[in-house]
Structure formats: structure tokens, C-alpha cells
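Some notes on the structure that comes next.
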Amino acid sequence: MSSLPRRVKSEAKAVISEDDELPSFLNLSSESEEEEEEWKPKSKIAKRPQLPNKNEAKTKKVAAPRAAAARKNVKKVAIKEEMDVSLPIAPAEDYRKQLLKPKEEDVGTKPKTLNQKPEVPKKMEIKSFQEKTIKSLESDEKPSTSVPVVGNQVKHEKSEKDFAFDEPPLKKIKLTTCPEGKPVKNLGGNRVKEEFEMNWDIVQALSEITNVEPWVCANLIRLFREENTIPFIARYRKELINNLEADALREVQQTLEELRTVAKKTHTMIQKLKKEGKLSGCILTALLNCRTLEELDHVSAPYKTGSKGTKAQRAKQLGLEPAALSFLQNPMELNLFSYIRPNTKGLSTIQEVEAGVQHILADIFAKDKDTLDFIRKKCQQRYISIQSALAKLSSKSGNEKDINKFQLYHEFSCNIKNIQHHQILAINRGENLKILTVKVNIPDGVKNEFCWWCVNERWRPKQFLKPELMRILRNSVEDAYKRLIYPLLCREFRSKLTSDAEKESVMMFGRNLRQLLLTSPVRGRTLMGVDPGYKHGCKLAIISPTSQILHTDVVYLHSGQGFCEAEKIKRLLLQYNCSTVVIGNGTACRETEAYFADLIMKKYFAPLDVVYCIVSEAGASIYSVSPEACKEMPDLDPNLRSA
């Protein structure tokens, strides 16, 4: 290297020492810089621009008026040379372009020019830069050339979040707005627009039925609408579903389909009634309030094709609907005697007119949403039981065998909150066979509270009622409960219990199958499978540790030939070195078990130490005649396949 840069450094030191603002640069000695230049290979050190010798003379022989300008130039050169210790300098033109290129951080600020007076760096900035420079001198790695220099300040680039040293790269999260694993509640709000709009919100209804948070239900509806499968959602969208299990997702999906089915059938019924001209405002509101198929059937039953109509419909056809509405809104002006028509059936007497008005009022009460919500709430607070008894017809003329199957349920009663799922399924089977009669028992206290609430609060007239009209109101409420509301509640309870029992039965089957499939296998042993039987004998099959069929045979252990067959069994066990006998739990299982246990106790199979076990043979017979078994074991008899 030329002696000029080193001479410039020494001059710069003398100049900087006069400035009180830059004392920390004095800690860098020229000895360390010389050592740096000695150990660095010359090929790796970038060539520095050389200044002509005449400039050196000019620097020494400057006039007094230009002394201040020379001092500024020397200060700038000194700082550049200090940086050159750790940073190779790019060519002059590239460095000039780097200075002129505006940084992204400086957008919106006043641009810097080359002629602008550079700011003196603060003590802390220079100290930190000095420490970094020393570290770069001590390290063996090549220093980075990406640190930009503006004026006499060093701008250090901020490390990006995605860039890491000595660490595996982070996974890119698809939802950049939320960190992985945390719930995303505001994906699109809790309001979801459905194809068929109802008076109830599908998100709230789904949340109430499944006990899942509303925001989770809203996210699930959107995910199901985008045709995402349950395995995909459970594994890759945990933050959207609050880490729900797959079983809970299936339950939400099934409930969502049921609600959509109700909405679809409701709108179909509305279009049908509108086409027939039977749709009114009250009917429309009642239909749009339905949440279950039972409620929809309850509201739409009078309007189905082929129905002769309800009592309320027949009363409306006689023209008594205005009287019923006047009864609730303006009873002082109601005169039932004006509706009497002596020659018309149903209007000939005052008793028939009162009965017609009563039927219309009962229909209004039974289809009111607030009234149904009140009675359901009362039922949840009281003891509701389901009772079963032996049917009278089945006791006289019926199969004794079938009747004895349901002996436990001839006089059975249990709270609907505590009844077991298998009991519900058994009661339903007995009812379908007409062996049992089933009844849901609701206490009379529920009825009394309901009637008092309807008369004194919900349907209390706006004006004073005469005693005869008050009697009609009470009779209407009792008729609505007994004839319309109580059967509806019974259907709802029975339907809910049956649905839950069927779901639990499927889950129980799955749990049992899981335990069966996860049973630990017997490894490294030759097995003898025995499919027990009486008339057709016990079927034997010997398989190798790798499930290869070694031998099949039939022995008759329970027909007086047990001792002779024992010799054959012993010969087979010794021939194939088999010490484990597997017995199916079907017909003649216990007799076959006793036979082998007796032989083992007498050490008949010595020198083999034979053991036996009993396994479930559920599905073995069905599989033995299936197409899959024919492909797997084409040359064997179905009985031997079962073994």
C-alpha cells in the first residue's frame, strides 16, 4: 500500500484531536491498523483511489484563508479511512451512486446533497461503531459490504424478521394478520348470510345447540361453505376453530345441515301456501320462527294437501276470526250473539260460537314463539319422566318370547335427564313391535304455572273482560296446552332422546371397534385357531408367525370321539411347533375350552407348554363368505376360512 493514506491518517488524528466532540476515535491506535494491513491478504484488499503527489504538496502549503476548508476535507478523509479498516471500499463511481440514491427510510424528508455539511456523529454512535469495527478485525469472516455510508455517518440496515442466523427458517403462516395457534375471532364477523333467511340467526342457533362459541360457529360455516373437509379444518385451521376436536366438528356440521334443512323446507312451504292463496302474516311469522322439523310440522300440518283442516281452520271458514282478534284487542265491543246463524252448522247456538272462538284462540296461543319458549323453560326446571308399560293387545295375543325380551320395560319410569341411551333404543323397539306403550309425563304444576302466566301476563286483554269472556280465555289456554302444546312437547322430547341415543350408539360401536383393532398381536408365534361347533365339528387352522396358512382340518370333540381327536391335535401341534391355541367365543365355546384345559392340566402336549385364549369371532362368519375372503383364500371351505 502507498504511504499516502497512512500519512493522511496521521494528519487526520492531529486535526481531530483539536475537536472536543470526537474523543472516542482516539482509542483506535495506528498499530492495530498496521497489523490489520499486515495479516490481510493483498488479493482481498480492494485498491483505494490514489491522490496525485501535487495535492500532497498543496495540502502542506495552503494559505491561511483556506485552513478551515482543508481541516474539513481532512476530517472527512479520516472517517473514511477508519471505516476502510473493516469495510472494503467500492469504486468511486459506485460509491457516488450509493450516496446519491435515496433510501426508503428517507422518503418524505429533505434529500441530502454532497455539498451539504455532514453532521458530526454523536459519542454513543461512534463508540458502538468502534466496538463493531474491533469485532470485525478479530473475526475470520469476510466483512459485509452491504452497510451504506452517507456523509460521515454509517447507517446500519435493520435485520428483517424473516432473516435469521444459525436458525431454521420460520414457516410462512397463511394468515399473516394473526399469529399461528391463536384464535381468529374477527375473520368476517358473526353475521353469516344464508340462502334461506329466517327470523333467527343461524350462528346463534348453532351456538346454542352445540355449546360452541358464536365466532367459532361463524368461522366453521364459512369454512364448510368453501368445501373444506373436517380433517383439513381440524389439522390446518386450528386458530379459526379454537382447537376443536374432529368429533365436535362433525356434530356442528350435522346440526348446521339440520338447520339448513329446516330453513329450506320452511321456504318451500311458504311458496306453496303463497301459491294456494293461504299465506297470511301470522302464518308467515310462525313459519319463519320454526327451528326444528317438529315445530315446522306442527305449524304447517293444517295446510298440508289432503288434510281436512284443524278446528281453528274450520272456525275461520265460518267467519269467526274477526271475533277472536277483537277478543284480544278490543273485548269491550265484542258481541258474540251477533255471529249466531240459526241455519248454519257451527254457528247455530252461542255455545258453538264460543267453541269456534276458543279453537282460534288456542291455535294462536300454541303457535306463539314466546309462549312456547316459556313452557320449554319450565319443563327444563321440573322433573319430566318417560314411562313405558306392557300394551294390552300384546299381553292377550303376542309372542311370549318377544314379550319376555322387554320384561324390564313392562313397568318402567325414568327421568329424561338420567335415562340411558340403550334404554331409549329398547323402548323404541318395543313400541314399534306394539309390545310397549310409551308416555312422557309432565307434572301438573307445569300446566298450572303455564295457564296462570298466559291468562294474567302474556295474553291478558288490554281492557276489562266480562266473566263469560274470562271463562272463554281460560278454556282456550287449557285447550291449547292439552290439545296442541303437550303433544308437541312429547314429540320434541322423544325426538331429542332418540337422536342422542342413535348418535351415542354409533360412537359406542366406534369405540368398541377401535379397542378391537388396537388389540396387541401375538408376535413370533405359530397359532392354532379353533372355530368350535357341535354337529359340524370344530374347525382347525394353523397359521405361521407371518400369517401363512400351514394346515386346516376338522375334529369332532363333542361327539364321543374326544380321546381319538386328541392324538391328531397333539400330532399337529408337535409337527408345526405350535404352543398357542385360540378358541372362538361362539357355539360350544365353553365345552371346547374345558376340553383343552383338561388336556393342558394333564400335560398331554408335553414337551410343548401349550396355552389357550378365547377371542371374539364377531364378523368371522360374514367375512368367510365375502368376496374379499374368496380372493384371499380361494381354495378353502367357508368354515375353514372362519377358523
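The values are calculated or read from the model by the stated rules, or taken from the named source; none is laboratory data. As the structure is a computational prediction, the values presented were derived from the model and not from experiment. Glycine gets a Cβ as well: all are built from the backbone with ideal geometry, and neighbour counts include every protein chain shown. When the accessible area is computed, the model is the full protein with side chains, heavy atoms only, and any ligands, DNA or RNA have been set aside. Shrake-Rupley method; radii C 1.70, N 1.55, O 1.52, S 1.80 Å.
For Glu400 and Glu628 in one chain, what is 0.36 nm times their gap in residues minus the Cα-Cα distance, to one decimal in nm? Can you show the working numbers first?
Working: separation 228, 0.36 × 228 = 82.08 nm, distance 4.03 nm.
Difference between extended and current length: 78.0 nm.
Which FRET efficiency value, to the nearest 0.05, is calculated for Lys603 and Gln548 with the Förster distance at 25 angstrom and r the Cβ-Cβ distance? Before the final figure, lay out the partial values.
Details: r = 29 Å, r/R0 = 1.17.
In this case the efficiency is close to 0.30.
Report the local net charge at Asp297: Lys and Arg +1, Asp and Glu -1, summed over other residues whose C-beta lies under 10 Å from its C-beta. Please list the in-between numbers first.
Details: positive: Lys265, Lys304, Arg491; negative: Glu294, Glu295.
Charge balance in the 10 Å sphere: +1.
Using a basic spin-label model with each label point 7 Å from the Cα along Cα→Cβ, how many nm lie between Thr437 and Glu194?
Simple spin-label model gives 3.9 nm for this pair.
If you stretched the chain out fully between Phe563 and Arg460, how much longer would it get, using 0.36 nm times the residue separation minus the C-alpha to C-alpha distance? Working shown, then result.
On the way: separation 103, 0.36 × 103 = 37.08 nm, distance 9.03 nm.
Extending this stretch completely gives an extra 28.1 nm.
Return the sequence-ordered ³J(HN,Hα) values of the stretch 258-263 in whole Hz as given by the Karplus equation 6.51 cos²θ - 1.76 cosθ + 1.60 applied to θ = phi - 60°, using x for Gly and Pro.
Working through the residues one at a time gives 5, 5, 5, 5, 4, 4 Hz.
For the pair Lys503 and Lys345, what calculated FRET efficiency results from E = 1/(1 + (r/R0)^6), where r is the Cβ-Cβ distance and R0 = 51 Å, to the nearest 0.05? Could the numbers behind the result be given before it?
On the way: r = 50 Å, r/R0 = 0.98.
After rounding, the FRET efficiency stands at 0.50.
Calculate, for the stretch 527-632, the solvent-accessible area per residue in square angstrom, rolling a 1.4 angstrom probe over the heavy atoms of the protein chains. Provide the component values of the computation, followed by the final result.
Numbers: 5950 Å² over 106 residues.
I get 56 Å² per residue for the stretch 527-632.
Under a Cβ-Cβ cut-off of 13 Å, what is the net charge of the residues other than Arg641 that fall near it, where Lys and Arg count +1 and Asp and Glu count -1? Numbers along the way, then the final one.
Details: positive: Lys539, Lys631; negative: Asp531, Glu617, Glu628, Glu632, Asp635, Asp637.
Net charge around Arg641: -4.
Nearest 20 debye, what's the magnitude of the dipole of the stretch 527-632 about its Cα centre given +1 on Lys and Arg Cβ and -1 on Asp and Glu Cβ?
220
Among 525-536, 440-451, 376-387, how do they line up by average Cβ neighbours within 10 Å per residue, starting with the highest?
Highest mean packing first, the order is 525-536, 440-451, 376-387.
Among rounded, prolate and oblate, which fits the stretch 332-421 when a ≥ b ≥ c are the square roots of the eigenvalues of its C-alpha gyration tensor, a/c under 1.5 means rounded, and a/b larger than b/c means prolate?
Working: a/c = 5.79, a/b = 1.89, b/c = 3.06.
Oblate shape, in that a/c is at least 1.5 and b/c is the bigger or equal ratio.
Just going by the charge dipole of the stretch 445-573, with Lys and Arg at +1 and Asp and Glu at -1 on Cβ, which of Leu573, Leu540, Leu465 is farthest out on the positive end?
Leu465
Check the stretch 202-299 and count each lysine pair with an alpha-carbon distance under 29 angstrom, considering only pairs eight or more places apart or from different chains. Before the final figure, lay out the partial values.
Details: Lys264/Lys272; Lys264/Lys274; Lys264/Lys275; Lys264/Lys278; Lys265/Lys274; Lys265/Lys275; Lys265/Lys278.
Count of close lysine pairs: 7.
What number comes out for the charge environment of Val440, summing +1 per Lys or Arg and -1 per Asp or Glu over other residues with Cβ under 10 Å away? Write down the numbers at each step before the final one.
On the way: positive: Lys439, Arg491, Arg494; negative: Glu492.
Taking every other residue near Val440 into account, the sum is +2.
Rounded, prolate or oblate: which fits the stretch 202-299 when a ≥ b ≥ c are the square roots of the eigenvalues of the alpha-carbon gyration tensor, with rounded for a/c under 1.5 and prolate only if a/b beats b/c? Write out the running numbers ahead of the final one.
On the way: a/c = 3.28, a/b = 2.66, b/c = 1.23.
The shape class here is prolate.
Taking a ≥ b ≥ c as the square roots of the Cα gyration tensor eigenvalues, with a/c under 1.5 meaning rounded and otherwise prolate when a/b beats b/c, else oblate, which class fits the stretch 554-616?
Working: a/c = 1.63, a/b = 1.22, b/c = 1.34.
Verdict is oblate for the stretch 554-616.
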